[in-house]
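Visitor: The structure under discussion is supplied below as structure tokens; questions concerning it will follow.
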Amino acid sequence: MKTLALFLCLFAANFSFAQDIEEREDNFITENNKNILKIDIKEPFLQIAVKNCNDFKAASFEGGVAVYKEMMRKYMYDYLNSEFYVLNGDFTFTLTIDQTGKVANIEGSPKVANSEYFFDDMKYVVRRIKKNWTPASCNGQAVTSQIKLKMNFSSISVDL
């Protein structure tokens, strides 16, 4: 009788300590996914001229547009959180260059779902570029100008 009671207790204990499959955490899926991001920065950059200006000279970057483009692409691959959002399509960024040659403002469009996180990351990327622009000038005076950058993004999500 004691053997039967011991057997029943062990049998009941076995079921009480069994792992419930529904409570198991399977977060290996998110850890093994990877987004591959392809970035195409279009040239030439469009510059918005100042009204009523006879002698407008556009803002320029030290080393030229190609140097800025490569520097921006490198920082985008380093600092964009491509695991957090998926980017597909064309985006336009407007950089405001002040009279001292510093980027004063960055605006992105179009606004899509969760794009505010992406635009915040892009502001960080642009601010990481430490070299200043040569400001635009109108009739020999430095003026604030805007530069439009057009980019195309393609994201591919793969399981590792």
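The values are calculated or read from the model by the stated rules, or taken from the named source; none is laboratory data. Predicted model, so just to flag it, every value in this text is computed and none were measured. No Cβ is skipped: glycine too gets one built from the backbone with ideal geometry, and neighbour counts run over all protein chains shown.
Visitor: Just give me the residues in the stretch 50-82 being in a loop (DSSP other than H, G, I, E, B) and either at pLDDT 85 or above or surrounded by 14 or more Cβ atoms within 10 Å (Cβ to Cβ) (or both), in sequence order.
Guide: V50, C53, D55, A58, A59, E62, G63, G64, L80, S82, listed by residue number.
Visitor: Scan the stretch 126-141 and tell me whether some residue there is more than 27 Å from K51 (Cβ to Cβ) and either part of a strand (DSSP E or B) or within 14 Å of the chain's Cα centre (by Cα) (or both).
Guide: yes
Visitor: Between a first residue in the stretch 106-118 that is within 12 Å of L87 (Cβ to Cβ) and a second residue that is assigned to a loop (DSSP other than H, G, I, E, B) and not small (G, A, S), which pairs have beta carbons less than 7 Å apart while being 6 or more apart in sequence or on different chains?
Guide: Qualifying pairs under 7 Å: N114/Y85; Y117/F84; Y117/Y85; F118/Y85; F118/L87.
Visitor: Something else: Given the condition surrounded by 14 or more Cβ atoms within 10 Å (Cβ to Cβ) and at pLDDT 85 or above, answer yes or no: does some residue in the stretch 19-36 qualify?
Guide: No, every residue in the stretch 19-36 fails to be surrounded by 14 or more Cβ atoms within 10 Å (Cβ to Cβ) and at pLDDT 85 or above.
Visitor: With respect to G101, is the statement that it is of a type outside the set (F, W, Y) and in a strand (DSSP E or B) true?
Guide: No: the conditions fail for G101.
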